[in-house]
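The values are calculated or read from the model by the stated rules, or taken from the named source; none is laboratory data. Please read these numbers as outputs of a predicted model, since none were measured by experiment. Note: ideal-geometry Cβ built from the backbone for every residue, glycine included; neighbour counts use all protein chains shown.
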């Protein structure tokens, strides 16, 4: 059976009732792993909201959304936080940031906000993309201009398919009303032009692989440059 | 390629703050399908509301097997029902209504 993941959830960290409701719904939707946006100042050994998700049988990966306004700000953020988070995503609001973010291998996910009409995933940006391109459902369907948003999704999926860029589908939900089933997100991506297999992988194996890879990287002994950890033994040696 | 006569049953969970009626569910889904695919696409889909349970907010829809992905996508685009915020998501899909019911029972155990 396929395991689904939603790597972009941003519920208020202090609202346990909202988080509990989201966790129940996600459990009903058979989502196995979620990425929870945790700002650096709240990052600690134990967060109550994480335990809430875990008690519903959902694996939680911590995620940081970097929103840099310049190249320097992006690189500084990556240097500081890469080894503290399981998922690092960059919101590409400025073209100069997008160009660096798509190429930097420390970036797991890039996403392009709906309101940035001049900064889209296209051409050279798509060709040089090493990170996964994320489509956020709540951003896509909220507010006015659904047609424009869907047209843009179609163009970006076309560019990703042409250049074999990796695509990830998420919800960016902050409450239960913004949640969607991972399988439904795959259906949206497929209807808008992504091949069916790639659409299913975008909500299952690709996000899960990102989390697995980074968990190995965050683990204690850091290998040399160019050395990749395949697995660790039970005793952590 | 799906057989042109085969059908697909989808179990859709509606998440709203206030309870909604079967008529609202039907209108909301059909409007979303029409918004996405137009009247022609909607007619080709042959979607139909089979059952709705108000207490749990669960509905069973039937559609042409080849259009199941489109119905899923249209359902995911629902943000309002009767003017109030709502969410809808497909929790299960099956080729027969019998196996859909069996699937629900297995999930509840």
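A few notes on this one:
- Where residue A:177 falls short, out of the listed (1) in contact with a strand residue (DSSP E or B) (Cβ under 9 Å, 6 or more places away or on another chain); (2) within 12 Å of another protein chain (Cβ to nearest Cβ); (3) touching a residue at least 12 places away in the same chain (Cβ under 8 Å): (3)
- Residues that are within 12 Å of another protein chain (Cβ to nearest Cβ) and surrounded by fewer than 14 Cβ atoms within 10 Å (Cβ to Cβ), drawn from the range B:54-79: B:56
- Search result, residues across the range B:21-41 that are without any contact (Cβ under 8 Å) to a residue 40 or more places away in the chain, within 14 Å of chain A (Cβ to nearest Cβ), surrounded by 16 or more Cβ atoms within 10 Å (Cβ to Cβ) and within 13 Å of the chain's Cα centre (by Cα): none
- Scanning the range A:14-26 turns up at least one residue that is outside any helix (DSSP H, G or I), more than 21 Å from residue A:184 (Cα to Cα) and modelled with pLDDT under 95.
- The condition (being more than 16 Å from residue A:109 (Cβ to Cβ) and crowded, with 19+ Cβ neighbours inside 10 Å) is satisfied by just one residue among A:192, A:196, A:135: A:192.
- Residue check: residue A:172 meets all listed conditions (1) at positive phi; (2) at pLDDT below 90; (3) buried (at least 17 other Cβ atoms within 10 Å of the Cβ) but one, namely (2).
- Against the conditions (1) in contact with a strand residue (DSSP E or B) (Cβ under 7 Å, 6 or more places away or on another chain); (2) surrounded by fewer than 20 Cβ atoms within 10 Å (Cβ to Cβ), residue A:69 satisfies every one except (1).
- Between A:187, A:209, the distinction of being assigned to a helix (DSSP H, G or I) and touching a strand residue (DSSP E or B) at 6+ places or on another chain (Cβ under 9 Å) belongs to A:187 only.
- Residues in the range A:44-61 that are more than 16 Å from residue A:12 (Cβ to Cβ) and in contact (Cβ under 8 Å) with a residue 24 or more places away in the chain: A:55, A:56, A:57, A:58, A:59, A:61.
- Annotation: residue A:226 fulfils all but one of (1) within 14 Å of another protein chain (Cβ to nearest Cβ); (2) at pLDDT below 90; (3) exposed (fewer than 15 other Cβ atoms within 10 Å of the Cβ); the unmet one is (1).
- Index of the failed condition, residue A:105 passing every other in (1) within 28 Å of residue B:88 (Cα to Cα); (2) surrounded by fewer than 17 Cβ atoms within 10 Å (Cβ to Cβ); (3) within 15 Å of the chain's Cα centre (by Cα): (1)
- Scanning the range B:80-92 for residues that are in contact (Cβ under 8 Å) with a residue 60 or more places away in the chain and either more than 8 Å from chain A (Cβ to nearest Cβ) or under 9 Å from the mean Cα position of the chain (by Cα) (or both) yields B:81, B:82, B:84, B:88, B:89, B:90, B:92.
- Looking only at the range A:30-40, residues that are modelled with pLDDT of 90 or more and either loosely packed, with under 15 Cβ neighbours inside 10 Å or within 14 Å of chain B (Cβ to nearest Cβ) (or both) come to 3 in all.
- Residue list for the range A:158-169, restricted to those being crowded, with 24+ Cβ neighbours inside 10 Å and either free of Cβ contacts under 8 Å to residues at least 12 places away in the same chain or within 13 Å of chain B (Cβ to nearest Cβ) (or both): A:169
- Condition broken by residue A:144, with the remaining ones in (1) assigned to a strand (DSSP E or B); (2) without any contact (Cβ under 8 Å) to a residue 40 or more places away in the chain; (3) within 12 Å of chain B (Cβ to nearest Cβ) satisfied: (1)
- Filter pass, residue A:200 being modelled with pLDDT of 95 or more, within 13 Å of chain B (Cβ to nearest Cβ) and touching a helix residue (DSSP H, G or I) at 6+ places or on another chain (Cβ under 7 Å): yes
- Among (1) assigned to a helix (DSSP H, G or I); (2) touching a residue at least 12 places away in the same chain (Cβ under 8 Å); (3) closer than 25 Å to residue A:19 by Cα; (4) within 14 Å of chain B (Cβ to nearest Cβ), the one test that residue A:153 misses: (3)
- Residue list for the range A:1-29, restricted to those being under 19 Å from residue A:204 (Cβ atoms), in contact (Cβ under 8 Å) with a residue 24 or more places away in the chain and out of contact with any strand residue (DSSP E or B) (no Cβ under 6 Å at 6 or more places or on another chain): A:2, A:25, A:26, A:27, A:29
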